[in-house]
Amino acid sequence: MQQSGVPGSRGCALCPLLGVLFFQGVYVIFSLEIKADAHVRGYVGENIKLRCTFKSSSSITDKLTIDWTYRPPSSSRTESIFHYQSFQYPTTAGTFRDRISWVGDVYKGDASISISNPTMKDNGTFSCAVKNPPDVHHNIPATELTVTERGFGTMLSSVALLSILVFIPSTVVVILLLVRMGRKSAGLKKRSKSGYKKSSIEVSDDTDQEGDDCMAKLCVRCAECVDSDYEETY
């Protein structure tokens with residue numbers, strides 16, 4: 001903990017933003033900084049992660065503690081829902097019983113938790129407090145959680161995206177195959193009307209010739225595209 005004797009008024013509006021706390025007549029610079037998402041939106045039944053990260057000027061020890069609290073909307077009552085000190089201690093009572101999971105890593109400065117099977121009754125304010133003695137003075141960030149039902153529009157957009165990624169490419173492939181089969185069928189009809197039957201060797205030669213013609217046409221088409229791009233450049 002560092003102290004600064006810089007004069008100033010007790011009502012310093014920027015002090016919380018600058019990491020400064022007025023304590024016992026002096027300004028205390030935070031040696032422990034905590035960050036959390038100000039707003040988190042989740043959906044009923046889908047796990048929600050509440051992120052909380054911290055930076056401490058002291059090494060992580062077994063004295064480090066993490067406390068998560070919850071305050072319902074329009075209420076001043078808070079309840080403890082998670083405690084950490086070397087081990088995880090999720091709440092065993094109340095609304096969040098058996099629904100809080102530890103997903104953080106203190107050695108990476110992560111104090112995040114997860115809520116399983118959330119409902120709209122979980123809406124409210126969550127606060128993350130970290131202490132790593134001798135770093136104990138810090139800001140306490142708050143996260144406003146809003147849980148809603150996943151709307152029909154969101155489900156529809158997911159279905160549309162699935163259609164684009166799966167069904168449309170499949171449809172294009174089917175159409176190309178049908179076109180190719182149609183061309184072969186038309187060629188066979190023309191040969192049957194002429195009454196001429198070719199040997200298997202001639203048929204093989206014709207097939208190879210058709211493939212060569214297609215490749216030649218494709219090469220000509222590519223050359224035309226390259227030439228047109230070259231001319232447009234100038």
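The values are calculated or read from the model by the stated rules, or taken from the named source; none is laboratory data. Worth saying up front: this structure is predicted, and the values here are computed from it rather than measured. Cβ: placed from backbone, ideal geometry, glycine included. Neighbour counts: every protein chain shown. Ligands, DNA and RNA are stripped out before the accessible areas are found, and what is left, the full protein with its side chains, is counted by its heavy atoms. Shrake-Rupley method; radii C 1.70, N 1.55, O 1.52, S 1.80 Å.
Before moving on, here are some points about what is shown:
- With each label modelled as a point 7 angstrom along the Cα→C-beta vector, the Ile164-Glu79 pair spans 4.3 nm.
- Normalised per residue, the accessible area of the range 109-153 is 41 Å², obtained with a 1.4 Å probe and no contribution from ligands, DNA or RNA.
- Using a Förster distance of 35 Å, the FRET efficiency for Lys63-Asn117 (Cβ separation, nearest 0.05): 0.55
- Where His138, His83, His39 fall by accessible area, highest first, once all protein chains stay in place (1.4 Å): His39, His83, His138
- Full extension of the chain segment joining Val103 with Val174 gains 20.9 nm, where the gain is 0.36 nm per residue of separation less the Cα-Cα distance.
- Per DSSP, loop GluC sites (Glu not before Pro) in the range 29-122 with at most 13 further Cβ within 10 Å: Glu46
- All-pairs Cα distance distribution in the range 27-148, expressed in whole percent, bin size 10 Å: 13, 47, 30, 9, 0
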